[in-house]
Amino acid sequence: MGNIFINYDMGIPQIACTDCGKCGSLMGMSLCKIGNRGCCHYFPEFTLVDIQRMAVLEGGKKVLNLILETPGAAVNNYSIYVKGRFDKNAYERYISSGNTIDARNIKDHTIFFRTCPFVIPGAGCKLPVRFRTIVCNFFLCEEILERPGLEERFKPYIDERSRYSRWYCRENIILQHILTENGLGLVSGFDASLSLLAGTGLSNYEFPALEPVTYDSASPDNLPA
């Protein structure tokens, strides 16, 4: 049986799925040297909301240093982007072969050749949930979303995810304004910006403990239990 539920890490919510990395998701297919990396093809961009959490919550400074020391990390005024691994040679051979897979509505086939720098193959993300990006914490593959009979039971998750995303974007804009009003940015004054973010109280979103959804993970054609 598979389960979808809300997981909390120091109050930071995540939509968790017990089948993650084991469901045979198309997005989880790896055609690069790094196999068994699940759906972790995303190159993460940590926003001011994420960085503020790292400045305040337990273990955050260690994670922030890990991010900054990762090859491919680029500090922008209001975010930190980390480029992961891309198997360019394998991708070019794949395209030139003309034998591409039927990826349905996936247009960008580079996702099959990309790997997040923070994923441990077969184990998952090395970053605590509370410091992962909103993309990582709220992603669910189509193989889950399209299961017959799951739509109504899953609707509260979709609706609450949308509300949380709007709140998250608004908080990020507020933090950006705070830095701008003080003549700061991560590029022009990283340490001062971090201190200001740390001194600005964390805003909390009361993400509800939604009813878990249980389903037969053996076959996507079966209805949820």
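General observations
- Residue match in the stretch 145-152 (condition: closer than 27 Å to Asn36 by Cα, at pLDDT below 95, within 20 Å of the chain's Cα centre (by Cα) and of a type outside the set (D, E, K, R)): yes
- For beta carbons closer than 7 Å, sequence separation of 6+ or different chains, a first residue in the stretch 168-196 that is acidic (Asp, Glu) and a second that is part of a helix (DSSP H, G or I), the qualifying pairs are Glu171/Val49.
- Cβ pairs under 8 Å, 6+ apart, first in the stretch 197-219 and acidic (Asp, Glu), second surrounded by fewer than 13 Cβ atoms within 10 Å (Cβ to Cβ): Asp216/Met1; Asp216/Leu223; Asp216/Ala225
- Verdict on Val135 being open to solvent by less than 40 Å² (accessible area, probe 1.4 Å), out of contact with any helix residue (DSSP H, G or I) (no Cβ under 8 Å at 6 or more places or on another chain) and either among the aliphatic types (A, V, I, L, M) or modelled with pLDDT of 95 or more (or both): no
- Boolean, Phe190 is surrounded by 13 or more Cβ atoms within 10 Å (Cβ to Cβ), among the aromatic types (Phe, Trp, Tyr) and under 20 Å from Tyr42 (Cα atoms): no
- Condition met for Arg163 (open to solvent by 60 Å² or more (accessible area, probe 1.4 Å), touching a Pro at 6+ places or on another chain (Cβ under 8 Å) and more than 18 Å from Leu26 (Cα to Cα)): no
- For the stretch 166-187, filtered to residues that are closer than 16 Å to Val75 by Cα and in a loop (DSSP other than H, G, I, E, B), the residue that is most open to solvent (accessible area, probe 1.4 Å) is Val187.
- Selected residue (only one of Arg130, Arg147, Arg153 is in contact (Cβ under 8 Å) with a residue 40 or more places away in the chain, in contact with a strand residue (DSSP E or B) (Cβ under 9 Å, 6 or more places away or on another chain), more than 30 Å from Phe190 (Cβ to Cβ) and assigned to a helix (DSSP H, G or I)): Arg153
- Entry remark, the stretch 53-89: residues being within 28 Å of Ser30 (Cα to Cα), assigned to a helix (DSSP H, G or I) and open to solvent by 60 Å² or more (accessible area, probe 1.4 Å) number 5 in total.
- When Tyr164 is tested against (1) at pLDDT below 95; (2) of a type outside the set (A, V, I, L, M); (3) in contact with a helix residue (DSSP H, G or I) (Cβ under 8 Å, 6 or more places away or on another chain), exactly one condition is not met: (1).
- Some residue of the stretch 209-224 being loosely packed, with under 13 Cβ neighbours inside 10 Å, within 19 Å of the chain's Cα centre (by Cα) and not in a strand (DSSP E or B): no
- Within the stretch 26-82, the set of residues being in contact with a Ser or Thr (Cβ under 7 Å, 6 or more places away or on another chain) and without any contact (Cβ under 8 Å) to a residue 60 or more places away in the chain comprises Val82 only.
The values are calculated or read from the model by the stated rules, or taken from the named source; none is laboratory data. Since we're looking at a predicted model, the values are computed, not measured. A quick note on method: Cβ atoms are made from the backbone with ideal geometry, for glycine too, and the neighbour counts reach across all protein chains shown. Surface areas here come from the heavy atoms of the whole protein model, side chains and all, with no ligands, DNA or RNA. Shrake-Rupley method; radii C 1.70, N 1.55, O 1.52, S 1.80 Å.
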